Amino acid sequence: MIRLPVKKLKQGMIVAQSIFNHHGANYLVKGQPITKEYIHQLKKIGIQAVTVTSTNPNFQVPPPEDVVQEVTRANAISCVYQAFQSVQKSGHIDVKAIQDMSEKILFDLIDRKSNLVQLTDIRMHDTYTFGHSVNVAILSSMIGLLCHLTKSDLDILTLGGLLHDLGKIIVPAEILDKTDKLDDNEFDIIKHHPLAGARRIHTMENELPHPDILAAIAYEHHEHIDGCGYPRGLKGNQIHRFAKIVAIADVYDALTSERPYKRAYTPNIAHNIMCHVIRGQFDPHLLKLFFNNVALYPKGTLLKTDYGYGIVSKCEFGRTETPTIVIFANLEGRQVAPETIDLAESKKGPKAIQIVIADNELRHFIHELGFDPSIYLKE
C-alpha cells in the first residue's frame, strides 16, 4: 500500500482507507476503484492524500479485510453522533439504539475473529471525535474478546468505548476543531473531559446499564499504570480494568489517525511508542494481547530487510512482528526473482527488518524499478 497525494491518483486505483464524516462513509469507502468524480470530491472537501493498494490501476488488489464491516463502522459513527447530540440537547440518550450498535460491533468482531486490525480510516477534523469513539469501542471489544470476557462484560466494555469521550461535549468547538497544536490553557480545558463524561453518565444512571462502570471508563481512560496520568493520578489496580483496556485503544487510534497538525503514525511506529517510548503507561499483558492482533506491517507494506527489498504478503495473529514477505529486489535496489520468506521462520526474525519504506521514497523507488511490487499480492 502507498499513500498518494490526491493530484497523483488515477482512475481504477483501489483505495485502502475509508473517509468518514459524522453521517458515515459519505465520501469514499475502502475497496472501491477511484473515479474522476471521487478525485474531484476529495479535492473539494480538502483531503490531501489517501492510501491506495497499488500505483498501477491495472492491479485490482483489494485491501485487507478489517475486523468489522465498513457498513457497521459507518452506522456506528452516525449512532455516536446522534447520541452525543441528544445528550447535549436534552441530557438523555437513545439507549436501545446505542446498545444495538454495540451488539453489531461485537457480532462483526466474532464473525471476523481471524482478521487483524489494519489501517485506520480518514476522518474530517470537525467530526473526528465520533469516528475515534467508534474505533476505540471496536479495539476495546477486540481486547475484551482476547481476554475471554463474558458476553455481559463485553456489552459493557463496548458501550463504554462508544461513550468514553462523552465529556468532550463540554469542550468548545474551536478547541476540538483546532487545526494546530493546543496551547497549555486549551489542553487544561481538554483535561476536564473525563470528569465531565463521568458526571454526564451519572445523570443518566436510570437509563444506562451499569452506569458506575461506564462512568469509571470515562473518568479513568487517561490514567496511567505508573500513576502519571490524569485526572487523579491513579496507578495499577486503582484503575478499573475496562478503563485500562480503553486506554490502549484510545492512544493507538489517536497515534494512527491523521490530524490537521500531524501525520498518522504507521502501526509499527505506534507499537514502538506504546511499548517502549511511553513504557509504564499501559497494562503490559493487555498491551501484548492487543498488538498480537494488530498488523504492524499491513499487507502491501514495503520493507527494506537484510534479505533485500520485500513486500508484505501475509501477517498472522501472534506473529505480527514477523510477517511473510516477497523479496523482489536486492539491497542495491536491483530487481531479482521473487522469493517468499516467512520472517517468523527465519533465523533473524523481526531483526531482519531494517525500515519501512516511506511513501515519498516508495514512489521514487517504484518509478526507478519500472514496476509496482504489489503485483506479487495478486491471488
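The values are calculated or read from the model by the stated rules, or taken from the named source; none is laboratory data. Predicted, not measured: the structure shown is a model, and the values here were computed from it. Every residue, glycine among them, receives a Cβ derived from its backbone with ideal geometry; neighbour counts consider all protein chains shown. These accessible areas exclude ligands, DNA and RNA; they are computed on the full protein's heavy atoms, side chains included. Shrake-Rupley method; radii C 1.70, N 1.55, O 1.52, S 1.80 Å.
Do we have any residue at all in region 220-232 that's without any contact (Cβ under 8 Å) to a residue 24 or more places away in the chain, open to solvent by 40 Å² or more (accessible area, probe 1.4 Å) and of a type in the set (D, E)?
No, because not a single residue in region 220-232 is without any contact (Cβ under 8 Å) to a residue 24 or more places away in the chain, open to solvent by 40 Å² or more (accessible area, probe 1.4 Å) and of a type in the set (D, E).
Quick check on region 325-344: of everything there that is among the charged types (D, E, K, R) and not in a strand (DSSP E or B), which residue is nearest to T305 (Cα to Cα)?
Taking region 325-344 and keeping what is among the charged types (D, E, K, R), we get 332, 334, 339, 342.
Cutting the leftovers down to not in a strand (DSSP E or B) gives us 332, 334.
Details: E332: 12, R334: 14 Å.
Selected residue: E332.
I'd like the full set of residues that are surrounded by 15 or more Cβ atoms within 10 Å (Cβ to Cβ) and over 17 Å from K8 (Cβ atoms), limited to region 339-368. Let's see the steps before the verdict.
Step one: list which residues in region 339-368 are surrounded by 15 or more Cβ atoms within 10 Å (Cβ to Cβ), which gives 341, 343-344, 346, 350, 352-353, 356-357, 359, 362-363, 365-366.
Hits for region 339-368 are I341, L343, A344, S346, P350, A352, I353, V356.
Note on region 296-313: among residues that are within 19 Å of the chain's Cα centre (by Cα) and not β-branched (V, I, T), the one that is farthest from L377 (Cα to Cα) is L296. Is it true that some residue in region 313-330 is at pLDDT below 95 and in contact with a Ser or Thr (Cβ under 7 Å, 6 or more places away or on another chain)? So far as region 313-330 goes, yes, one or more of its residues are at pLDDT below 95 and in contact with a Ser or Thr (Cβ under 7 Å, 6 or more places away or on another chain). For I105, are the conditions met, namely being assigned to a helix (DSSP H, G or I), within 30 Å of H210 (Cβ to Cβ), open to solvent by 60 Å² or more (accessible area, probe 1.4 Å) and among the β-branched types (V, I, T)? Spelling it out, it is not the case that I105 is assigned to a helix (DSSP H, G or I), within 30 Å of H210 (Cβ to Cβ), open to solvent by 60 Å² or more (accessible area, probe 1.4 Å) and among the β-branched types (V, I, T). For T322, the conditions (1) farther than 30 Å from H224 by Cβ; (2) touching a Gly at 6+ places or on another chain (Cβ under 8 Å) are fulfilled apart from (1). Condition check for D283 on (1) out of contact with any Lys or Arg (no Cβ under 9 Å at 6 or more places or on another chain); (2) surrounded by 15 or more Cβ atoms within 10 Å (Cβ to Cβ); (3) more than 27 Å from E368 (Cα to Cα): one failure, at (1).
Tell me which residues, restricted to region 237-258, are open to solvent by less than 20 Å² (accessible area, probe 1.4 Å) and either more than 14 Å from V117 (Cα to Cα) or not aliphatic (A, V, I, L, M) (or both). Outline the logic, then answer.
Quick first cut of region 237-258, residues open to solvent by less than 20 Å² (accessible area, probe 1.4 Å) only: 239, 242-243, 245-250, 252-253, 256-257.
Residues satisfying the conditions are I239, F242, A243, I245, V246, A247, D250, Y252, D253, T256, S257.
Number of residues in region 103-130 that are within 29 Å of P323 (Cα to Cα), in contact with a helix residue (DSSP H, G or I) (Cβ under 9 Å, 6 or more places away or on another chain) and modelled with pLDDT of 90 or more equals 7. Residues considered: L116, L139. Of these, the only one that is within 15 Å of V80 (Cβ to Cβ) and either under 11 Å from the mean Cα position of the chain (by Cα) or of a type outside the set (F, W, Y) (or both) is L139.
Restricting attention to region 198-248, and to residues there that are part of a helix (DSSP H, G or I) and of a type in the set (D, E, K, R), which single residue is farthest from L166 (Cα to Cα)? Walk me through how you get there before you give the answer.
Step one: of region 198-248, the residues part of a helix (DSSP H, G or I) are 198-203, 211-220, 236-238, 241-248.
Still in the list and also of a type in the set (D, E, K, R): 199-200, 212, 220, 241, 244.
Working: R199: 10, R200: 8, D212: 15, E220: 13, R241: 19, K244: 17 Å.
Out of the qualifying residues, it is R241.
Among (1) open to solvent by 40 Å² or more (accessible area, probe 1.4 Å); (2) in a helix (DSSP H, G or I); (3) under 19 Å from V67 (Cβ atoms), where does G144 come up short? Condition (1) is where G144 drops out.
Just to be sure before I move on: is V336 aliphatic (A, V, I, L, M), surrounded by fewer than 18 Cβ atoms within 10 Å (Cβ to Cβ) and either touching a strand residue (DSSP E or B) at 6+ places or on another chain (Cβ under 7 Å) or touching a residue at least 60 places away in the same chain (Cβ under 8 Å) (or both) in the structure I sent? Working first, answer last.
On the way: aliphatic (A, V, I, L, M): yes; surrounded by fewer than 18 Cβ atoms within 10 Å (Cβ to Cβ): yes; either touching a strand residue (DSSP E or B) at 6+ places or on another chain (Cβ under 7 Å) or touching a residue at least 60 places away in the same chain (Cβ under 8 Å) (or both): yes.
So V336 passes the test.
Any idea which residue in region 345-379 is farthest from the chain's Cα centre (by Cα), counting only those that are part of a helix (DSSP H, G or I) and more than 20 Å from P5 (Cα to Cα)? Explain how you work it out, then say what you get.
If we filter region 345-379 for residues that are part of a helix (DSSP H, G or I), which is where we start, we get 349-352, 359-369, 373-377.
Filter once more, keeping what is more than 20 Å from P5 (Cα to Cα): 349-352, 369, 375-377.
Details: G349: 26, P350: 22, K351: 25, A352: 26, L369: 31, I375: 26, Y376: 26, L377: 23 Å.
Here the residue is L369.
Apart from one condition, F290 fits all of (1) surrounded by 22 or more Cβ atoms within 10 Å (Cβ to Cβ); (2) closer than 30 Å to F371 by Cα; the exception is (2).
Inside region 186-195, residues that are surrounded by fewer than 18 Cβ atoms within 10 Å (Cβ to Cβ), touching a residue at least 24 places away in the same chain (Cβ under 8 Å) and part of a helix (DSSP H, G or I) make up a count of 1. Within region 155-169, the set of residues being open to solvent by less than 10 Å² (accessible area, probe 1.4 Å) and within 19 Å of Y252 (Cβ to Cβ) comprises L157, T158, G160, G161, L162, L163, H164, D165.
Looking across region 52-109, the residues that are closer than 21 Å to I122 by Cβ and aromatic (F, W, Y) come down to Y81, F84.
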